[in-house]
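Report on the structure given below.
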Amino acid sequence: MTDRSTAFVSFLSYQDSAAWQRALDSLAPDIHEVDRTATDIWFHFFPLDLFLALEQSDDADTLARKLLLEGEYRLAAQVDTSPRFLYGHRFWAETKQAVLEYANKFDGNEARELANVTHEIAQTAARIVKVDASLLTGITLVALMTLRQTSLAAFSNATDAKAIRAMHTNKQPAEILRERARDEGQGILGFLRTEDKKWTVRYDESRKDRRFTCINSEEIASGAARDHHEDWHALDPRRSEGPIPVQCRAAACGTCWIGVLGGAEKLSPVSRLEATAIKEFGYINTDEERPTIRLACMAQANGAVSIVIPTWNGFFGKYLQTGSPAQMLSTELPGYDFPVASQTTESQTTDTTNIQTGA
Ligand code: FES
């Protein structure tokens with residue numbers, strides 16, 4: 001590690017959650033539409049505040065249990081795979097290279113704006129792969145946060161990108177956007193149908209077989225339970241049935257959260273119960289009627305949608321507001337009637353090869 005790259009890591013560490021959010025907000029118009037929502041979802045999947053709480057804790061394992069973290073929540077274990085649902089992931093290797101080159105030349109000016117740094121790196125990567133910089137902007141900000149939550153060594157040494165890139169199709173952004181916006185006509189007599197309308201829910205846009213069907217106004221999690229493409233439980237113990245982990249089916253455990261890549265407007269609006277729950281879990285803090293983060297046991301499909309399934313779940317929203325990790329450790333666990341999460345083990349790590357997850 002050079003002095004310059006060390007200074008760059010320090011520059012990233014200097015940015016707090018508000019600074020990252022400002023960068024995300026100011027860059028949003030410059031991120032190609034195909035990755036605008038995906039980038040936002042990724043940042044919800046890997047919150048800096050949760051990472052900092054664990055990093056600064058004297059007993060991260062106990063804190064993780066307190067926060068009911070299950071599955072693979074550590075970005076360090078999924079450096080190359082976490083953003084695979086972004087279109088820009090096909091340029092991940094070049095983006096990482098551009099980040100590392102920037103780090104090696106960093107002038108040490110900590111007053112730089114994160115958004116400007118992202119722009120510069122995205123333009124460098126765009127020249128290499130010969131595409132518009134808007135296709136690299138979201139993935140570049142993701143790469144910078146990945147570096148922030150890991151290390152230069154972990155970031156540069158991870159080597160999964162090539163295998164993942166091979167899985168991508170040759171689809172153009174416009175084609176992907178068309179598919180996300182697609183509505184299913186239900187045949188020539190579709191207008192007569194009510195209860196028996198069926199909608200496709202895709203959970204890996206890079207694979208044709210990664211989809212299931214929801215009957216009209218059925219909860220996403222219920223449709224997922226009929227998906228038998230894999231032995232889901234063997235891949236991830238949280239997946240008791242289907243590709244989406246579920247426990248309570250009542251907005252009480254937070255296991256079933258998803259990101260909505262396309263078709264958010266075709267889901268039922270959040271109920272008061274779901275709106276309160278997703279904030280308490282810590283997944284998203286919004287009063288939007290149809291946010292990009294939902295609970296699959298609550299959100300009902302009224303059209304075709306494309307979703308992303310995160311690799312972990314937890315219950316940390318109100319705990320992050322309590323202050324220091326020491327305070328969190330002394331706080332009582334939330335009260336609900338489901339089993340307390342066991343500590344994540346190697347064998348429990350989510351298999352990320354078959355699913356459009358946050359990893
Ligand atoms: S399954 Fe518990 S919140 Fe959805």
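Throughout, read-outs are computed from the coordinates displayed, never taken from laboratory work. Computed from a prediction, not measured in an experiment: that's the story for all the values here. Virtual Cβ from ideal backbone geometry, glycine too; neighbours counted across all protein chains shown.
Given a cut-off of 31 Å, name the pairs among LYS130/LYS208; LYS171/LYS197; LYS105/LYS130; LYS130/LYS279 whose C-alpha atoms lie farther apart than that in the structure shown. Could the numbers behind the result be given before it?
Numbers: LYS130/LYS208 28 Å; LYS171/LYS197 28 Å; LYS105/LYS130 22 Å; LYS130/LYS279 41 Å.
Too far apart for the 31 Å limit: LYS130/LYS279.
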(request) Tell me the label-point distance for the pair ARG178, LEU273, using the 7 Å Cα-to-Cβ offset, in nm and rounded to one decimal. (result) 4.1 nm
(request) Return MET145, MET298 ranked ascending by Cβ neighbour count within 10 Å, so the fewest neighbours appear first. (result) MET298, MET145
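Give me the extension gain from ASP231 to CYS248: residue separation times 0.36 nm, minus the current Cα-Cα distance, reported in nm with one decimal. Show your work: numbers first, answer last.
Values: separation 17, 0.36 × 17 = 6.12 nm, distance 2.06 nm.
Using 0.36 nm per residue and subtracting the Cα-Cα distance, I get 4.1 nm.
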(request) Please give the peptides 151-159, 113-121, 198-206 ranked by average Cβ packing (other Cβ atoms within 10 Å per residue), highest first, as a rough proxy for protection. (result) 198-206, 113-121, 151-159
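On alpha-carbon atoms, Rg over Rh for the stretch 37-159 using Kirkwood Rh?
Working: Rg = 15.1 Å, Rh = 15.3 Å.
Over the Cα atoms of the stretch 37-159, Rg/Rh equals 0.99.
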(message) Could you give the length gained by full extension between LYS105 and THR6, i.e. 0.36 nm per residue of separation minus their alpha carbon distance, to one decimal place?
(response) 34.6 nm
